[in-house]
Amino acid sequence: MENCTKNDLKLVEKAKKILQKNYKSDSIKHTVGCALTTKSGKEYLGINLDGIHSICGEQCAVSCAYVNGDRDIDTIVAVGIVDGQYQVLSPCGNCRQFLSEYAPNCKVIIKNGDELKKLTLEELLPYAYVCHVDYTK
Ligand SMILES: [Zn+2]
């Protein structure tokens, strides 16, 4: 577990801003914003998309990076609204598996008590199911 850098905290703000831009209090469609950086230094954003087959903000942001051929994800963070306050969210179980397949080398910003920390995927999902297909290629 690592401490967050200033750039990590800026990434948290970007996740918050993309949620602010898409959040509507009378709707549950978009309640999570996500931001990620890639090793190439670019940033991609995502929001959750609710529906019969919903996707999470993390999956949306990683998809945006892949669409742009930018597949080496460096750091990712999701922000939601909890009790009326913006808060960094831990990835759901489905996203932990998704990230282990599509962003295996990324670090994930999480809330640990009152602090924000950065975890490797191995720390976040120990004993992960190992898929024998490399989706990052
Ligand atoms: Zn998720």
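FYI, it's all coordinate maths here, none of it is from the lab. Predicted, not measured: the structure shown is a model, and the values here were computed from it. Ideal geometry is used to build each Cβ from the backbone, glycine not excepted, and the neighbour counts take in all protein chains shown.
Details
- Only alpha carbons enter this Debye calculation for segment 2-124, each as an equal point scatterer, and the log10 of I(q)/I(0) it gives at q = 0.14 Å⁻¹ is -0.52.
- MRE, 222 nm, helices only [DSSP H, n ≥ 4, -39500 (n - 2.57), over the chain, to nearest 500]: -9000 deg cm²/dmol
- In order along segment 11-18, the phi-based Karplus estimate (6.51 cos²θ - 1.76 cosθ + 1.60, θ = phi - 60°) of 3J(HN,Hα) comes to 5, 4, 5, 5, 5, 5, 5, 6 Hz; Gly and Pro are listed as x.
- Of Leu121, Leu19, Leu11, the one that fluctuates the most in a GNM where the chain has Cα springs shorter than 10 Å: Leu121
- Long-range HN-HN contacts of Thr136 with modeled amide H, under 5 Å: none
- Fluctuation leader among Glu101, Glu13, Glu123 - the chain, Gaussian network, Cα springs under 10 angstrom: Glu123
- Total formal charge among the other residues, if their Cβ is under 10 angstrom from that of Glu2, Lys/Arg +1 and Asp/Glu -1: +1
- Counted residue by residue at 0.36 nm each, then reduced by the alpha carbon distance between them, the extension gain from Glu122 to Arg71 reaches 16.5 nm.
- Shown here are the Rg and Dmax of the Cα trace of segment 1-54, at 13.1, 38 Å.
- Counted charge near Gly93, where neighbours are those whose Cβ lies closer than 14 Å (Asp, Glu -1; Lys, Arg +1): -1
- Averaging Cα coordinates gives a centre for segment 65-107 and one for segment 1-54; these two points are 8 Å apart.
- Distant-in-sequence amide contacts of Cys92, defined by a placed amide H-H separation under 5 Å and a gap of 5 or more residues or a different chain, comprise nothing.
- Full-stretch length increase - Ser25, Ser54 - with 0.36 nm per residue and alpha-carbon distance subtracted: 8.6 nm
- Here the peptides 63-76, 28-41 are ranked by packing, the mean other Cβ count within 10 Å, and the order with the highest first is 28-41, 63-76.
- Relative to the current alpha-carbon distance between Lys39 and Val82, full extension at 0.36 nm per residue lengthens the span by 12.4 nm.
- Average Cα contact separation per residue, the chain, under 8 Å, 6 or more apart, as relative contact order %: 22 percent
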